[in-house]
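In what follows, a single structure is set out as structure tokens and then discussed.
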Amino acid sequence: MEKKSEIHFSYPPNLHELDLATLVSMYRERGIPKKARPGEYFACALSKKLIKEGKWWFGQYYSQQSWDQLLSKSCEGYPLTEVEMNVMGMALSSGDEPPKRDFVEQQCGAVPKLAYMIVNDLKEFGFLSVDDQDRLMITPRGEKALQGIARRIYDKKFSPDMLRVNQSETSTPTIERAKKKDSEQASLF
């Protein structure tokens, strides 16, 4: 499915390079206002204008106006990305059986450590609920937030076609065996 807008939050593609402590720290500090040192400025990642104070997002800074522009409808101030859309979308479109948390974390498009934190935050924010069997269910608030981020990215109401798990071809990796050269050495196996 073709994306209609790139004006939304997104995680850096190389988060897998970070150790757990750094990743947790960066995740927890997202959205915190930071002031530039005296005589210095930040550049707003969206407007490209110089700013003295900006909200921090994984090494980028946003003016309050740009930050508000990136927030999607019904997100209630929570910065949603495609990853959160995938998590809530899998919970919504799972049919009769809610998906297991570990499956959603593996298929949402984020490194497992980040996916774990995202699911916890979506639950704490009231967008998801988790039952005693570790299955994820979307709440009415979560459905509204899901529709908001789906419209922001695809300019359409949410459909399962938008999910990463439904867009990519899943293939089972195979290991190619090296061909043996004829040798006089006896096989030990």
So which GluC sites (Glu not before Pro) in the stretch 14-113 are both in a DSSP loop and have at most 16 other Cβ atoms within 10 Å of their Cβ? GLU40, GLU76
What nm distance separates the two modelled labels at GLU6 and GLN133, each placed 7 Å from Cα along Cα→Cβ? 4.3 nm
Over the chain, with every protein chain in place, what whole percent of the accessible area is carbon and sulfur at 1.4 Å, could you tell me? 50 percent
Hydrodynamic radius (Kirkwood) for the stretch 61-171, which is based on Cα pairs only, to one decimal in Å: 14.1 Å
Report the one residue of LEU128, GLN147, MET117 whose Cα lies farthest in the direction of the positive end of the charge dipole of the stretch 63-172 (charges on C-beta: Lys and Arg +1, Asp and Glu -1; origin at the Cα centre). GLN147
What are the lysines whose alpha-carbon lies under 17 Å from the alpha-carbon of LYS156, with same-chain residues fewer than 8 places away excluded? LYS3, LYS4, LYS73, LYS144
PHE103 versus GLN167, label points 7 Å from Cα toward the beta carbon: distance in nm? 2.1 nm
Where MET26, MET117 fall by accessible area, highest first, once all protein chains stay in place (1.4 Å): MET26, MET117
Run down the lysines and flag those whose C-alpha is under 22 Å from the C-alpha of LYS34, throwing out any fewer than 8 positions away in its chain. LYS48, LYS49, LYS52, LYS55
The stretch 76-99 residues near the modelled GLN60 label - backbone nitrogen below 12 Å, point 7 Å along Cα→Cβ: 81-82
Please sort through the DSSP H helices of the chain and keep those with an alpha-carbon extent of at least 20 Å along the long axis and a Kyte-Doolittle average not below -1.0. 140-154
Correct response: the longest run of the chain lacking exposed trypsin sites (Lys or Arg not before Pro), defined by DSSP loop and at most 14 other Cβ within 10 Å, is 74-155
Using Cα pairs under 8 angstrom and six or more residues apart, how large is the relative contact order of the chain, in percent? 22 percent
Report the gain in length on full extension from ARG30 to GLN69: 0.36 nm times residue separation, minus Cα-Cα distance, nm rounded to one decimal. 12.5 nm
On average, how much accessible surface per residue is there in the chain, in Å², for a 1.4 Å probe, leaving out ligands, DNA and RNA? 64 Å²
Contact order normalised by length for the stretch 82-155, with contacts defined as Cα pairs under 8 Å and 6 or more residues apart; what percent is it? 35 percent
With charges set only on the Cβ (+1 for Lys and Arg, -1 for Asp and Glu), what does the dipole of the stretch 54-158 come to about its Cα centre, in debye to the nearest 20? 400 debye
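The values are calculated or read from the model by the stated rules, or taken from the named source; none is laboratory data. On a predicted model such as this, the values are computed, not experimentally measured, just so you know. Reconstructed Cβ throughout: ideal geometry from the backbone, glycine too, with neighbour counts over all protein chains shown. Just so you know, the surface numbers come from the protein's heavy atoms only, side chains and all, with ligands and any DNA or RNA stripped out. Shrake-Rupley method; radii C 1.70, N 1.55, O 1.52, S 1.80 Å.
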